[in-house]
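Colleague: Pasting in a structure now, in structure tokens, and then I'll have a few things to ask.
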Amino acid sequence: MKKYMIKLLVTVISMVLVTSCTKEFLDVKPEGQITPEGYYSTPARAQELVNSIYNNMLTWDEHSFSWIGITSIASDDADKGSSAGDTGADKDKLDNFTYGPTDISVNEIWVANFRGISRTNLALDILPKIAVESKLKNRLKGEARFLRAYFYWNLVRTYGDVPLINSVIDPTNSVQVDQAMIRAPKQQIYDLIVSDLLYAKDSLYNKGQYENADLGRATSGAAKGLLAKVYLYQKNWQASFDMAAQVINSGEYALVDDYSTIWREIGENSSESLFEVQAVGGPIALGVQQYSLVQGVRGQFGWGFNSPSESLNNAYEENDLRREATMIYPGEVLWDDVVILDNLPNPRYNQKAYVSRSQETFNGNDEQSNKNLRVLRYAEVLLIHAEAANELGNATSALQSLNLVRQRAGLTDISVTDQSQLRQLIWHERRVELGMEHDRFFDLVRQGRAAEVMGPLGFIAGKHEVFPVPQSQIDISGGLLTQNNY
């Protein structure tokens, strides 16, 4: 899959955004010119069309500094890091909840995810018209719809109501253009996400059915796992439980033995992986742009942003193997025998973003490292299953899934059956299992605990559950876009 990721969408597709003629007899295809449906009517080129959507996931504004900022630095899992005088443009504001509509991070996340949606809609417009066999075509449509669901999943959690755009916009159609600038209720966005994922789970291959060259493409299991998570956020406990159970019972996934290896090169696309952003560290050096550099040990490997907080550090139980796998401490010796400097400006750094210069693929380019971004893991599916089971009053199933995660971490089993107490334990387990994995902020919001936990950091109830709509986007819309409570 990695070798295909590097191919960008060719410019020929820009020719199909609009047809200006309304009478069929006037709509004559020009002779001697290639059409998008003609160009993409080979299996390799059809895959290029969808690869352009995957390519969006490698960009700076999709998964790097701004994403790190709103998902991690804004939460109680991390501090801004770096040095006192280095704001990271607005990461100090994200850390203190003083950001606003004109700050760069909220605009970059908006732009990046809608760019991904635009590429998806264009691919879905072309795919039905190309002459490739139906099995491949259906799979590619499933991949595209999975990715659109993912982009909208990022948007609806970040901003709440957002424009719903599920087809190519005709720029000469003022009604379509205006509609694309009006925020749809978040329930409509969730409905589209669920519809896309239901289609994806039924049309995508299982993980084991892909050839090695296609490893990393969206799978049926990935769609089911993300569906389970989406249902969890909607408090649709039965649907979440059932979908997580399908992943668990599929036999395609398992926890790896050593938690610390998950984020190393040897842990890429492992038995625990449902979906990862595929990074390339070869000569073309197309990775998740500066993801590792931004978080690397300041003064040794990187900029030092997104420093794990004291709160997260103290959240782990004694002998929990996950703490050491999540944190880098000054003066420690890492798994590849690298010695971390003693005199550093931050007390901790994110080990899950670490790239070994000696034991992993590294071409000397810190900005484009070979570091897959883990998006969805089997351990999280088990915790989703546990939480949904508990909310359904099924403590036995909840404990079974919860304790599998704890056993891998070297911890004793939990036997609590009281629903309220078990809920708190499951939420705690999510924090320490998924620490620094870009979920904590959204978890606290959907659990209704954001003000309680992050209030001392500056979080204000009724305001900070979602981020502001970028002012620049409101300006572009001529005021059609409305603002959140900022």
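Bear in mind that the values in this text are calculations on the coordinates, not laboratory data. Predicted, not measured: the structure shown is a model, and the values here were computed from it. Methodologically, a virtual Cβ is constructed for each residue, glycine included, from the backbone with ideal geometry; neighbour enumeration extends over all protein chains shown.
Colleague: Given a Förster distance of 30 angstrom, what is the FRET efficiency for R446 paired with S134, based on the Cβ-Cβ distance and rounded to 0.05? It would help to have the intermediate numbers written out before the result.
Modeller: Values: r = 39 Å, r/R0 = 1.29.
Efficiency computed from Cβ-Cβ geometry: 0.20.
Colleague: What distance in nm separates the simple spin-label points at T396 and H428, each placed 7 Å from Cα in the Cβ direction?
Modeller: According to this spin-label approximation, the distance is 2.6 nm.
Colleague: In the range 178-194, which residues have a backbone nitrogen under 11 Å from the label point lying 7 Å from T482's Cα in the Cα-to-Cβ direction?
Modeller: Answer for this model: 183-185.
Colleague: Moving on. Can you tell me the dipole magnitude for the range 266-391 around its Cα centre, using point charges on the Cβ only (Lys, Arg +1; Asp, Glu -1), in Debye to the nearest 20? Intermediate values should be presented prior to the final figure.
Modeller: Values: 9 positive and 18 negative charges, 79 e Å.
For the range 266-391, the charge dipole is close to 380 debye.
Colleague: Quick check on packing: order 387-398, 323-334 by the mean number of other C-beta atoms within 10 Å, highest mean leading. Don't jump to the answer; show the numbers that get you there.
Modeller: On the way: 387-398: 19.6, 323-334: 17.2.
Put in order of decreasing packing, that is 387-398, 323-334.
Colleague: Turning to a different aspect of this structure: Once you have the Cα-Cα distance between D413 and A461, take 0.36 nm times their residue separation minus that, and quote the gain in nm to one decimal. Intermediate values should be presented prior to the final figure.
Modeller: On the way: separation 48, 0.36 × 48 = 17.28 nm, distance 3.53 nm.
Extra length available between D413 and A461 comes to 13.8 nm.
Colleague: What order do you get for 401-408, 235-242 when each peptide is scored by the mean count of other beta carbon atoms within 10 Å, highest first? It would help to have the intermediate numbers written out before the result.
Modeller: Numbers: 401-408: 20.0, 235-242: 17.6.
Most protected by this proxy first, the peptides run 401-408, 235-242.
Colleague: Starting from 0.36 nm per residue, how many nanometres of slack lie between S358 and T42 once their C-alpha separation is accounted for? Display every interim value, and only then the final one.
Modeller: Details: separation 316, 0.36 × 316 = 113.76 nm, distance 4.04 nm.
Stretched fully, the S358-T42 segment lengthens by 109.7 nm.
Colleague: Right, another one. Using 0.36 nm per residue, how much length does the chain from A254 to E310 gain when fully extended, once their Cα-Cα distance is taken away? Don't skip to the answer; put the middle values down first.
Modeller: Values: separation 56, 0.36 × 56 = 20.16 nm, distance 3.10 nm.
Contour length minus the Cα-Cα distance gives 17.1 nm.
Colleague: Among P330, L122, T219, which residue has its Cα furthest toward the positive end of the charge dipole of the chain, with +1 on Lys/Arg Cβ and -1 on Asp/Glu Cβ?
Modeller: Going by the Cα projections, it comes out as L122.
Colleague: Quick check on the range 160-233: take the gyration tensor over C-alpha atoms, sort the square-rooted eigenvalues as a ≥ b ≥ c, and tell me if it's rounded (a/c under 1.5), prolate or oblate.
Modeller: Judged from the Cα gyration tensor, the range 160-233 comes out oblate (a/c at least 1.5, b/c at or above a/b).
Colleague: Please compute the contact order of the chain in relative form: average sequence separation of alpha-carbon pairs under 8 Å and at least six residues apart, divided by the residue count, as a percent.
Modeller: Values: 850 pairs, mean separation 94.6, N = 486.
Rounded, it is 19 percent for the chain.
Colleague: What ranking do 109-119, 440-450 get when scored by the average of other Cβ atoms within 10 Å per residue, highest first?
Modeller: Details: 109-119: 21.7, 440-450: 18.7.
Highest to lowest by the protection proxy: 109-119, 440-450.
Colleague: With N residues in the chain, what two-decimal value do you get for its Cα radius of gyration over 2.2 N^0.38 Å?
Modeller: Values: Rg = 22.5 Å, N = 486, 2.2 N^0.38 = 23.1 Å.
Ratio of Cα Rg to 2.2 N^0.38 Å: 0.98.
Colleague: Let me ask another. Grab the alpha carbons of the range 98-220, take their convex hull, and tell me the volume per residue in Å³.
Modeller: Working: hull volume 16.4 nm³, N = 123.
It is 133 Å³ per residue.
Colleague: Quick query: amide H of R377 versus all other amide H atoms, modeled in the peptide plane; which residues come in under 5 Å with a sequence gap of 5 or more or a different chain?
Modeller: Those lying under 5 Å, H to H, from R377 are L274.
Colleague: Just want the answer: with Cβ charges of +1 for Lys and Arg and -1 for Asp and Glu, which residue in G85, T98, S134 is farthest toward the dipole's positive end in the range 74-138?
Modeller: S134
Colleague: Indicate the gyration tensor shape class of the range 363-486 (rounded, prolate or oblate), computed on the Cα atoms with a ≥ b ≥ c the square roots of the eigenvalues: a/c under 1.5 is rounded; otherwise a/b larger than b/c is prolate and the rest oblate.
Modeller: Numbers: a/c = 2.61, a/b = 1.48, b/c = 1.77.
Taking the square roots of the gyration eigenvalues as a ≥ b ≥ c, the range 363-486 is oblate.
Colleague: Kindly flag which residue pairs out of K80/K463; K186/K463; K235/K463; K207/K235 have an alpha-carbon separation exceeding 19 Å in this structure.
Modeller: Numbers: K80/K463 21 Å; K186/K463 16 Å; K235/K463 22 Å; K207/K235 28 Å.
Over 19 Å apart, Cα to Cα: K80/K463; K235/K463; K207/K235.
Colleague: I would also like to ask the following. How large is the Kirkwood hydrodynamic radius of the range 185-290, counting all unique pairs of alpha carbons, in Å? Let's see the in-between values first.
Modeller: Values: mean 1/r = 0.0653 Å⁻¹.
Taking every pair of different Cα atoms in the range 185-290, averaging 1/r and inverting gives 15.3 Å.
Colleague: Provide, as a two-decimal number, the C-alpha radius of gyration of the range 47-124 over 2.2 N^0.38 Å, N being how many residues it has. The partial results should precede the final answer.
Modeller: On the way: Rg = 14.7 Å, N = 78, 2.2 N^0.38 = 11.5 Å.
The value comes to 1.28.
Colleague: Right, here's the next one. So which chymotrypsin sites (Phe, Trp or Tyr not before Pro) in the range 328-401 are both in a DSSP loop and have at most 15 other Cβ atoms within 10 Å of their Cβ? Don't skip to the answer; put the middle values down first.
Modeller: Numbers: sites: W335, Y349, Y354, F362, Y378; in loops: W335, Y354, F362.
Those that pass, being in a loop and sparsely packed, are W335.
Colleague: Net charge near G208, counting Lys/Arg +1 and Asp/Glu -1 over other residues with Cβ under 15 Å of its Cβ? All intermediate terms of the calculation are to be shown ahead of the outcome.
Modeller: Numbers: positive: R139, K207, R217, K224; negative: E211, D214, E252, E272.
Local charge sum for G208: 0.
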